[in-house]
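As structure tokens, the structure follows; a few thoughts come after it.
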Amino acid sequence: MRTVRDVHARTVQAPAEKVGALLDRLAGDDDPLFPVPAWPAMRFDRPLGVGATGGHGFVRYRVTAYEPGRRVRFDFPGGGHHAIEITPLGARSCRVTHVLEDRLAGRKLAAWLLALRWAHATVVEEVLDNAERAATGTVRAPVRRSRWVRLLNRLLWDRPTAVAVPPGARLARTAFARTDFTDAWQLPLPPGMPRDPAAWKGVLRGAFPEQGRATTADGGELLLGRDARHLDFRASILIESPAAGPGERTVGHDGRVTLSTVVRLHNTGGRLYFAVVRRVHPVLARATLRRTHRRLALAAPSAGERELAARAPQAGYGHRTRP
């Protein structure tokens, strides 16, 4: 058994009250601190407060202490904790500190020493980058992701899950009077990801004509496809986002992006051809959706940049690739 203690601190040239207001929005859909969508979002089963249970990615914890604007502590189920604290240094500056303490042994210790500590350090430094950027408008020395961290990020990226073609994919569901094959793959759509289905066209390799487009209150659907003598196919990209009512704030709800495929076969040649294609189609669909999802996430503005853009829409923050 080994005690692990990891501390990251940053002096921010802004009043503690200003940075503390950012801390109070942690884990909400407008969270200005946690580095989403490049890393899994911090989510809880209720608004931030003592008793809230959740985590980020595969890391689970529970809020055991919360002093609004100053401090929050999260305890892991098997012991150990991590915490964020804001300490005033004067009227115009403060220190933001993140502390992780745990006792690890066996495989958990090996995973920490060989991989997780590097990813953890990067995520925490990106939290501090976001705090500094959102509070001051700039970051003096932003963290850079090493090759090792980028590899870990790729390996740990969410994998699509198989679902039924969603009811919201109306263009796909009504594309043909008769369908001989359907499937659908889905990934969460955390804050910061593109909500325009057209931004996801790259999920299909090659140029496929647009067959239809629909806009909904919480997203939209883009239908691509092609007809041939042996078969017709359509690929639907559906974006669904959680909607909050006037004055409400959604808590712990990500949107969804779903890639659905529908196929209509015409003849024996089509059936023979698709008997082969359907073996590799699920592998390719999962891989391309996952690759596009990660590419768009890494190109999205950071949480701190989105906070600045929300305050000043004319700033025009666009997509770009993070270091």
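The values are calculated or read from the model by the stated rules, or taken from the named source; none is laboratory data. Predicted model only: the values in this text are computed from it and were never measured. Counting neighbours? That spans all protein chains shown, and the Cβs are built from the backbone with ideal geometry, glycine included.
Going by the structure shown, is W148 over 22 Å from A41 (Cβ atoms), assigned to a helix (DSSP H, G or I), under 22 Å from the mean Cα position of the chain (by Cα) and in contact (Cβ under 8 Å) with a residue 24 or more places away in the chain? Yes. Among the residues of the range 202-221, those identified as in a strand (DSSP E or B) and more than 21 Å from the chain's Cα centre (by Cα) are E210, Q211, G212, R213, A214, T215, T216.
Residues of the range 120-145 being without any contact (Cβ under 8 Å) to a residue 60 or more places away in the chain and assigned to a helix (DSSP H, G or I), which ones? Once the filter is applied, which keeps residues that are without any contact (Cβ under 8 Å) to a residue 60 or more places away in the chain and assigned to a helix (DSSP H, G or I), the range 120-145 yields only T122. For the range 31-47, a residue qualifies if it is of a type outside the set (A, V, I, L, M), surrounded by 21 or more Cβ atoms within 10 Å (Cβ to Cβ) and assigned to a loop (DSSP other than H, G, I, E, B), and the qualifying residues are D31, P32, F34, P35, P37, P40.
How many residues, within the range 48-61, are assigned to a loop (DSSP other than H, G, I, E, B) and either touching a strand residue (DSSP E or B) at 6+ places or on another chain (Cβ under 8 Å) or not aromatic (F, W, Y) (or both)?
Our first condition is that a residue be assigned to a loop (DSSP other than H, G, I, E, B); within the range 48-61, this holds for 48-52, 57-58.
After this cut, where a residue has to be either touching a strand residue (DSSP E or B) at 6+ places or on another chain (Cβ under 8 Å) or not aromatic (F, W, Y) (or both) as well, the list is 48-52, 57.
The qualifying residues number 6.
In the range 19-27 there is no residue matching the filter, namely being surrounded by 16 or more Cβ atoms within 10 Å (Cβ to Cβ) and more than 15 Å from V127 (Cα to Cα). Going by the structure shown, is L187 touching an Asp or Glu at 6+ places or on another chain (Cβ under 8 Å), in a helix (DSSP H, G or I) and touching a residue at least 60 places away in the same chain (Cβ under 8 Å)? It is false that L187 is touching an Asp or Glu at 6+ places or on another chain (Cβ under 8 Å), in a helix (DSSP H, G or I) and touching a residue at least 60 places away in the same chain (Cβ under 8 Å).
Only one of the numbered conditions (1) at pLDDT 95 or above; (2) at positive phi is not met by G316, and that is (1).
Inspect the range 112-119 for any residue being in contact (Cβ under 8 Å) with a residue 24 or more places away in the chain, closer than 23 Å to R311 by Cα, buried (at least 17 other Cβ atoms within 10 Å of the Cβ) and not polar (S, T, N, Q) and give the result as yes or no. Taking every residue of the range 112-119 in turn, none turns out to be in contact (Cβ under 8 Å) with a residue 24 or more places away in the chain, closer than 23 Å to R311 by Cα, buried (at least 17 other Cβ atoms within 10 Å of the Cβ) and not polar (S, T, N, Q).
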